[in-house]
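The values are calculated or read from the model by the stated rules, or taken from the named source; none is laboratory data. It should be emphasised that the depicted structure is a prediction, and the values quoted were computed from it without experimental measurement. Virtual Cβ from ideal backbone geometry, glycine too; neighbours counted across all protein chains shown. Note: areas computed on protein heavy atoms with side chains; ligands, DNA, RNA excluded. Shrake-Rupley method; radii C 1.70, N 1.55, O 1.52, S 1.80 Å.
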Amino acid sequence: MAFLVSRHISFSFAGFSALHRRLPFPSTARRKILRCIRIFSMEESNKAARRYTNRLASEHSPYLLQHAHNPVDWYPWGDEAFEKARRRAVPIFLSIGYSTCHWCHVMEVESFENEEIARMLNEWFVSIKVDREERPDVDKVYMTYVQALYGGGGWPLSVFLSPDLKPLMGGTYFPPDDNYGRPGFKTLLRKVKEAWESKREVLEQGGTLAIEQLSNALSAAASSKRLTDQISQDVVKLCSEQIAVKYDPKFGGFGSAPKFPRPVEICLMLYESMKLREQGRVSEGNKNMEMVLYTLQCMARGGIHDHLGGGFHRYSVDECWHVPHFEKMLYDQGQLANVFLDTFTVTKDSFYSSIARDILDYLRRDMIGEDGEIFSAEDADSTETDGSAKKKEGAFYVWTSKEVEEILGDHADLFKTHYYIKSSGNCDLSRMSDPHNEFKGKNVLFERKDVFFRASKLGISAAEYAQILGNCRKKLFDARSRRPRPHLDDKVIVSWNGLAISSFARASKILEAEPKETKFHFPIFGCDPNDYLEAAKKAARFIRSKLYDYHTKRLQHSFRNVPSSAPGFLDDYAFLISALLDLYECSGRINWLVWAIELQATQDDLFLDAEGGGYFNTSGDPSVLLRVKEDYDGAEPSGNSISAINLIRLSSMLVGGMSEYYKQNAEHLLAVFEDRLKEQSIAVPLMACAADMLYAPSRQQVVLVGDKSSSELKKMVSVVYASYNPFRTVIQIDPQNEEDMEFWESNNQNIFHMAKVSPNDKAAVAYVCQNFVCNAPVDEPDALSSLLKRKVS
């Protein structure tokens, strides 16, 4: 749907309701060569078309570079463009998108490569192009404007601004020409020009009023310093009930088509299930758990899961998780891996741990650079053959029945049956799957029945059947790797890296609980879980070396070739702090905790509203007209939700003034969003968990004392992570490590004392505590396991 909104100009466009995108890639060793080949090929094929070069050619963002040779005289967001608009007294046309956005590509080809439209833009406007992933603060302002007026938005975002950056009117995708009685982009440009020349003062007044109203609506402040007790006690239950109403018992998931994975919903349902079971309400807890398990099973069997390469696509266009929008985003992978890991800790079922490995192995193979940095996204579109100019959605991922037969030979029938492959194509399970017959004769791999069912039908063991499927997937993967690959957005975003670092770190310990006899099949490598910890460390070190200023203790938002000019935003700090806390708890290395505390101090300096409570999303750029306290836990959790949990975790590690400071900031933050938690908790499931965590009297500290490299202490760590407990904090301390002892002596005398008095003849000792009131220490893994199952006395 495309919208144009203004008090004085009003269009409504039907059509185009989805944003399309996609991508994949081979091993680290081959990736660089393939990228060079692909870039060379693109440059050769585009030489004739590159008659124009604009200012975007000097940028590093993949999205901006895609537009560097449009005939439109694009500017990046900045003073040069603003000054030109003021000097010429013309409006600004602002176009916001990202490099893996399908409809951004469409609008570029249709409009921004059109010389007539470019002439209109160049003569009547100053045109600015923004990568929303590089400048989420700019995107937030104008997306909020469009959504506030018409309740919907999307990318590309197309907004007309006054020279002082106030919004005049806006929308999303517009076709170039009038069609079906609806005006196209050319007509729109003429209408805006005429309105600016005849009604400029009225338009500018409307823009000023819109920003004032949005600022008032979004400048939340708490009326008290803490949530009321009733809300903190009821909010998780209320949220789970609202989520459960949306549950799809036939296909799993919460909501209807198009179906998006929203990991924060599953996080809350797991959390509430644990609480209900602890309260003895086992049947209610099991009901929540059944929704989680069936949803994850349906997603893993569906086409939204890349069965050959691993990882998950952005969303499913139908209700049965079959035909996806093929783009892959890093923020999905990091969160989904953690959800599958948590589910494994509850169920002990290696199906869930295997899917977590599948996601993380995909990232290690295709999305990690030579220095450990983790890339942002893979596109949905690619060409079907080398040399072809036209890209198609899903071309890299779909198969004809004949292709499968030729590649797999004797096992083709087994594979085709398992993955519902048909000569006519298989995108027929829903009227939403392929309404325009784009995938006629093509197949998206989809498991309608599981391995055990199919194996029993053939009279062979599940192990043998799974091995055959793994071998077949490897053959098809190798064949797929020879196809033209979709575009890789190799931008490194701090916040998204934080989500992935967290999942890598946690996997390194949680997967130690997998049964030793577990067999892995392609695309799962079956690596030592410690390899995941190394991936987490490398990614964190990359951020520290490339995107962190040791003197100011500040982050930059992203990196591609060089750090971006955009400073770190709230999400960058919050998500990275969360990841560093996970890295510390899993590795025991005190440097990660020290850095997390430093970053929390910087976050408080830059974003904290000390008077009103909560955190703004930006530190205050004069060109960004709104400072928002974001609370919505959507495709990504909000920076405020993650910050609340970070503050609770830090408070439980330290004592004294700093502990109380963190706790008070968490209380004040949650009080800011009291109305949201009370009236629309489904919008903030992670914040609901934070509210419950803060006021629940059962925060548990597990203090492990000993040599962190010893097998005895490592076994103790594995025991701790073998069970699901979001109320738990893990602290490791080595009495022989000077850095450890100095830190804890300064920050928590309780822990320092435990290390000092621990018996020297024990390689590892564990204390299980509540508010550092501890049980007697134990030195055996089994004893620790038993202790973790009991309430602290």
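Heavy atoms of the protein only, probe of 1.4 Å, neighbouring chains included. What is the accessible area of TRP196 in Å², nearest 10?
Using a 1.4 Å probe on the heavy atoms, I get roughly 20 Å².
Going down the list LYS491/LYS538; LYS225/LYS663; LYS348/LYS519; LYS259/LYS348; LYS259/LYS328; LYS416/LYS475, which pairs span over 18 Å between their C-alpha atoms?
Cα-Cα > 18 Å for LYS259/LYS348; rest within.
Given the chain, report the % of alpha carbon pairs whose separation exceeds 38 Å.
The proportion of pairs with Cα distances above 38 Å equals 41 percent.
On the full set of protein chains, 1.4 Å probe, figure out the accessible area of TYR352 and give it in Å² to the nearest 10.
TYR352 has an accessible surface of roughly 0 Å² with all protein chains in place.
Reachable lysines from LYS186, Cα under 22 Å, same-chain residues fewer than 8 places away excluded?
Straight-line reach from LYS186, under 22 Å: LYS129, LYS199.
Keeping every protein chain in place, order ASP779, ASP410, ASP675, ASP318 by accessible area at 1.4 Å, biggest value first, i.e. largest first. Working shown, then result.
Values: ASP779 55, ASP410 155, ASP675 90, ASP318 0 Å².
Sorted descending by solvent-accessible area, the residues read ASP410, ASP675, ASP779, ASP318.
Answer rounded, prolate or oblate for segment 463-609, using the Cα gyration tensor with square roots of eigenvalues a ≥ b ≥ c: rounded when a/c is under 1.5, else prolate when a/b is larger than b/c, else oblate.
In terms of gyration-tensor shape, oblate.
Provide the gained length on full extension for the span LYS715 to SER215, in nm with one decimal, where the gain is 0.36 nm per separating residue minus the Cα-Cα distance. Can you show the working numbers first?
On the way: separation 500, 0.36 × 500 = 180.00 nm, distance 5.24 nm.
Using 0.36 nm per residue and subtracting the Cα-Cα distance, I get 174.8 nm.
Give me the dipole magnitude in Debye, nearest 20, for the chain about the Cα centre, with unit charges on the beta carbon: positive for Lys and Arg, negative for Asp and Glu.
Values: 97 positive and 107 negative charges, 297 e Å.
The calculated dipole for the chain is roughly 1420 debye.
Just tell me which lysines come within less than 18 Å, Cα to Cα, of LYS275; anything on the same chain fewer than 8 places away is out.
Within the straight-line limit of under 18 Å, LYS275 reaches these lysines: LYS237, LYS287, LYS789, LYS791.
Whole-Hz Karplus ³J(HN,Hα) for segment 580-593, in order, using 6.51 cos²θ - 1.76 cosθ + 1.60 and θ = phi - 60°, x for Gly and Pro?
5, 5, 5, 4, 5, 4, 7, 9, x, 7, 5, 4, 5, 5
From the phi angles alone, apply the Karplus equation (6.51, -1.76, 1.60; θ = phi - 60°) to segment 216-226 and give each ³J(HN,Hα) in whole Hz, x where the residue is Gly or Pro.
5, 5, 9, 8, 5, 9, 7, 8, 9, 8, 7
If you put +1 on each Lys and Arg Cβ and -1 on each Asp and Glu Cβ, how big is the dipole of segment 335-388 around its Cα centre, in Debye rounded to 20?
Values: 4 positive and 13 negative charges, 104 e Å.
Dipole size: approximately 500 debye.
Under a 1.4 Å probe, what is the accessible area of the chain per residue, stated in Å²? Let's see the in-between values first.
Values: 31090 Å² over 793 residues.
It amounts to 39 Å² per residue over the chain.
Among 430-436, 394-400, how do they line up from the highest to the lowest mean number of other beta-carbon atoms within 10 Å? Let's see the in-between values first.
Working: 430-436: 15.0, 394-400: 22.1.
Listed from highest to lowest mean packing, they are 394-400, 430-436.
State the percentage of accessible surface on the chain attributable to carbon and sulfur atoms; use a 1.4 Å probe and exclude ligands, DNA and RNA.
On the way: 15250 of 31090 Å².
The computed percentage sits at 49.
Tell me, what ³J(HN,Hα) does each residue in segment 560-567 have, in order and in whole Hz, if you take phi through Karplus 6.51 cos²θ - 1.76 cosθ + 1.60 with θ = phi - 60° and put x for Gly and Pro?
8, 6, 9, x, 6, 6, 6, x
At 0.36 nm per residue, and after removing the present C-alpha to C-alpha distance, how many nm does the segment from ARG541 to ALA244 gain when stretched out fully?
Numbers: separation 297, 0.36 × 297 = 106.92 nm, distance 4.04 nm.
Between ARG541 and ALA244, full extension yields an extra 102.9 nm.
Take the alpha-carbon centre of segment 73-118, take the same for segment 668-714, and report the distance between them in whole Å.
Result: 43 Å between the Cα centres.
Going by accessible area, probe 1.4 Å, with all protein chains left in place, what is the ranking of TYR247, TYR584, TYR550, largest first? Can you show the working numbers first?
Details: TYR247 50, TYR584 0, TYR550 125 Å².
Correct descending sequence by accessible area is TYR550, TYR247, TYR584.
Quick one: if you stick a label point 7 Å off each Cα along the C-beta vector at VAL106 and GLN664, how many nm between them?
Label at VAL106, label at GLN664, 5.4 nm between them.
Under a straight-distance cross-link criterion of Cα-Cα below 19 Å, which aspartates and glutamates are reachable from LYS246, leaving out those fewer than 8 residues away in the same chain?
GLU265, GLU272, GLU284, GLU290, ASP318, GLU319, ASP633, GLU679
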